[in-house]
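Structure first, then comments.
The values are calculated or read from the model by the stated rules, or taken from the named source; none is laboratory data. Because the structure is predicted, anything quoted here is derived from the model rather than measured. Neighbour counts run over all protein chains shown; Cβ positions are idealised from the backbone, glycine included.
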Amino acid sequence: MALPINFHKTFIPERRLLSSLLCYAAEGKSGDYQSIAADTGIPMGKSNGKVPAILDYARGMGLVKLTQQVKNAVKEPQLTDFGRIVFIEDRLMGEKITQWLAHMHLSHPSIGAKAWYHTFSKGRRFLGKTFTANQLEKDLVATFGTGKNRTGPLIRMYIDDAAFARASVLKYNSSTVIRNKAPLSDEFALPYAAYILLLIEYHFKDELQVTTSDLNKKTGWFDSALWEDSDVERALNLIESTGYISIDRLTRPWVLHRKAEAKQVWPGIYNDLA
């Protein structure tokens, strides 16, 4: 289920804090918010703090999952397959690949965050590629109800180098937001292969094949990447080149056949970095 709209209301996901949480999860630790703060250095005051927000961001980015605890106050974040390779290869999350995959996870309708899915996937149809911060704020308020500056943290996440500016998901100039397409270079072939397999496994668990239209209808992936039809074809060609899916192009929409599990591919997503 998508994470609540309001977890980003105050804080942006600083990479150094996410990194501290990854280390905490890698060590197999668990605790309440105060003990997590003490172990990680993530700020946590008596009535306000960043630990809950960073936990939710990390979950929405697909980096960790929370185990069920007998006591609700105790949190035990565990690394996902994606989170584990990020911890090993890019702990400070400075690579474009890491940031784009985190963005794509956040924009997923079920495992991401509602505001991100609404803005970057559904929003492609009614906001378009270029829109103002005021337009976005009005739309979020109309959709999710009143709140204090829902838009600011969402935009700042992508323009602050302490967060995810290196991905260039968007540009922000004089209150205008301009979205950018997800990269289509060779080094993204394996990352996209891992991610598309994850999507197929999540939404089409017992199926070995799926059409491109059904995939996007369920996940909104192509919209969150801002790809046109020719971009989608280029992305799928890159993915097919890895050998982890094959494509039947005799029909429209194309049919994708999965030939591996996502967990087999995640460990290699940084192999082709220049």
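Consider Val210 against the criteria (1) part of a helix (DSSP H, G or I); (2) more than 15 Å from Ile269 (Cα to Cα); (3) β-branched (Val, Ile, Thr): it satisfies all of them except one. Which criterion is unmet?
Unmet for Val210, out of (1) part of a helix (DSSP H, G or I); (2) more than 15 Å from Ile269 (Cα to Cα); (3) β-branched (Val, Ile, Thr): (1).
Quick grid of which residues meet (1) in the same structural domain as Leu106 (by TED's automatic domain parsing); (2) exposed (fewer than 15 other Cβ atoms within 10 Å of the Cβ); (3) in contact (Cβ under 8 Å) with a residue 24 or more places away in the chain:
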{"position": "Asn216", "(1), (2), (3)": "no, no, no"}
{"position": "Ala225", "(1), (2), (3)": "no, no, yes"}
{"position": "Ala235", "(1), (2), (3)": "no, no, yes"}
{"position": "Gly243", "(1), (2), (3)": "no, yes, no"}
{"position": "Lys263", "(1), (2), (3)": "no, no, yes"}
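Look through region 249-261, keep the residues that are basic (Lys, Arg) and over 12 Å from Ile239 (Cβ atoms), and return whichever of them is surrounded by the fewest Cβ atoms within 10 Å (Cβ to Cβ).
Arg252
Tell me the residue from Thr242, Thr251, Thr212 that is on the phi < 0 side of the Ramachandran plot, touching a Phe, Trp or Tyr at 6+ places or on another chain (Cβ under 6 Å) and either at pLDDT below 95 or of a type outside the set (Gly, Ala, Ser) (or both), please. Explain how you work it out, then say what you get.
Working: Thr242 fails: touching a Phe, Trp or Tyr at 6+ places or on another chain (Cβ under 6 Å); Thr251 fails: touching a Phe, Trp or Tyr at 6+ places or on another chain (Cβ under 6 Å).
It is Thr212.
Given (1) surrounded by fewer than 18 Cβ atoms within 10 Å (Cβ to Cβ); (2) in contact (Cβ under 8 Å) with a residue 60 or more places away in the chain; (3) part of a helix (DSSP H, G or I), where does Leu197 come up short, assuming only one miss?
Just one mismatch for Leu197, condition (1).
Out of (1) without any contact (Cβ under 8 Å) to a residue 40 or more places away in the chain; (2) more than 19 Å from Thr219 (Cα to Cα), the odd one out for Ala26 is which?
The one condition Ala26 does not meet is (1).
Residue check, Ile178 against (1) crowded, with 17+ Cβ neighbours inside 10 Å; (2) β-branched (Val, Ile, Thr); (3) under 20 Å from the mean Cα position of the chain (by Cα), all met but one. Which one?
Evaluating Ile178 over (1) crowded, with 17+ Cβ neighbours inside 10 Å; (2) β-branched (Val, Ile, Thr); (3) under 20 Å from the mean Cα position of the chain (by Cα) leaves (1) as the failure.
Looking only at region 173-218, how many residues end up being charged (D, E, K, R) and touching a Gly at 6+ places or on another chain (Cβ under 7 Å)?
Final tally of qualifying residues: 0.
Tell me the residue from Asp223, Asp231, Asp186 that is under 27 Å from Arg166 (Cβ atoms), among the charged types (D, E, K, R) and within 16 Å of the chain's Cα centre (by Cα), please.
Asp223
Does at least one position in region 132-144 carry a residue that is hydrophobic (A, V, I, L, M, F, W, C), in contact (Cβ under 8 Å) with a residue 60 or more places away in the chain, at negative phi and not in a strand (DSSP E or B)?
Checked region 132-144: at least one residue is hydrophobic (A, V, I, L, M, F, W, C), in contact (Cβ under 8 Å) with a residue 60 or more places away in the chain, at negative phi and not in a strand (DSSP E or B).
Looking at Arg124, Arg156, can you tell me which residue is closer than 30 Å to Arg91 by Cα and either of a type outside the set (A, V, I, L, M, F, W, C) or under 17 Å from the mean Cα position of the chain (by Cα) (or both)?
Selected residue: Arg156, the only one of Arg124, Arg156 that is closer than 30 Å to Arg91 by Cα and either of a type outside the set (A, V, I, L, M, F, W, C) or under 17 Å from the mean Cα position of the chain (by Cα) (or both).
May I ask you to verify whether Tyr202 is outside the structural domain of Ala58 (by TED's automatic domain parsing), under 18 Å from the mean Cα position of the chain (by Cα) and loosely packed, with under 15 Cβ neighbours inside 10 Å?
Spelling it out, Tyr202 is indeed outside the structural domain of Ala58 (by TED's automatic domain parsing), under 18 Å from the mean Cα position of the chain (by Cα) and loosely packed, with under 15 Cβ neighbours inside 10 Å.
Can you tell me which residue within region 37-87, out of those that are of a type in the set (Val, Ile, Thr) and modelled with pLDDT under 95, is surrounded by the fewest Cβ atoms within 10 Å (Cβ to Cβ)?
Val70
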